[in-house]
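The values are calculated or read from the model by the stated rules, or taken from the named source; none is laboratory data. Quick caveat, the model's predicted, so the values are computed rather than measured. Note: ideal-geometry Cβ built from the backbone for every residue, glycine included; neighbour counts use all protein chains shown.
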Amino acid sequence: MPHPQRFDDFYNVGWRVPSFLDSISHCNPSNINNGPFQHAHGFSNKSLYTYFNEDAAMGERFGGMIQMYNAGKPFFWEDGYYPFRERLVEGGPVSDEEVLLVDIGGGDAGDLGLLRRALGGDVKGRLVLQDLKHIVDRSEQNGFEAHVGDWNEVQPIKGTIFVVSQPDVYATNGP
């Protein structure tokens, strides 16, 4: 049975969208730190992910909601989901100094650690998590490295990178 507090945390946002849109004269929001979530919870000038760090119980419920959403779904590197080996491993990094994959905003669920184990020792290249400081500080970094970053800022790692945002997978080639 879902935790009843989840409904209070997140469904409230949907109910408050009309008053949020009224407050910005029905224009597109121009500040990611002042959106429907912030409006519904009575704060501003703060990302919801920063708020989840400050309200640990809500952050834990959000993490649980994401885990439930992903439960039973294949990982992006599994056969039939995305041609991961064909597009990124074959012809990819030839040393462990090169970057194979950057997971921007991947959280602390440990997908990169699972990926490293699935790839085995013969696949070269660094796996990098870029996330907010409080996420990086608590990540286990088992099989990957973690760097502080924000997906709303210019990304520090340039070149051929692979960005994971399940359920969608994006590959980019360039800065």
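Please verify whether the stretch 35-43 includes one or more residues that are polar (S, T, N, Q) and either surrounded by 14 or more Cβ atoms within 10 Å (Cβ to Cβ) or modelled with pLDDT of 90 or more (or both). Explain how you work it out, then say what you get.
So in the stretch 35-43, the residues polar (S, T, N, Q) come out as 38.
Of the ones still in play, those that are also either surrounded by 14 or more Cβ atoms within 10 Å (Cβ to Cβ) or modelled with pLDDT of 90 or more (or both) are 38.
Yes, the conditions are met somewhere in the stretch 35-43.
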Those residues of the stretch 17-32 which are farther than 24 Å from residue 151 by Cβ, surrounded by fewer than 10 Cβ atoms within 10 Å (Cβ to Cβ) and either in contact with a strand residue (DSSP E or B) (Cβ under 6 Å, 6 or more places away or on another chain) or polar (S, T, N, Q) (or both) amount to 25
I need the full set of residues from the stretch 51-108 which are assigned by TED's automatic domain parsing to the domain that holds residue 124 and under 23 Å from residue 32 (Cα atoms), in order please. 102, 103, 104, 105, 106, 107, 108
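Quick one: which of 113, 125, 105, 92 is buried (at least 17 other Cβ atoms within 10 Å of the Cβ) and within 19 Å of residue 46 (Cα to Cα)?
Working: 113 fails: within 19 Å of residue 46 (Cα to Cα); 125 fails: within 19 Å of residue 46 (Cα to Cα); 92 fails: within 19 Å of residue 46 (Cα to Cα).
The conditions single out 105.
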Kindly indicate whether any position in the stretch 123-130 is in a strand (DSSP E or B), farther than 20 Å from residue 74 by Cβ and polar (S, T, N, Q). yes
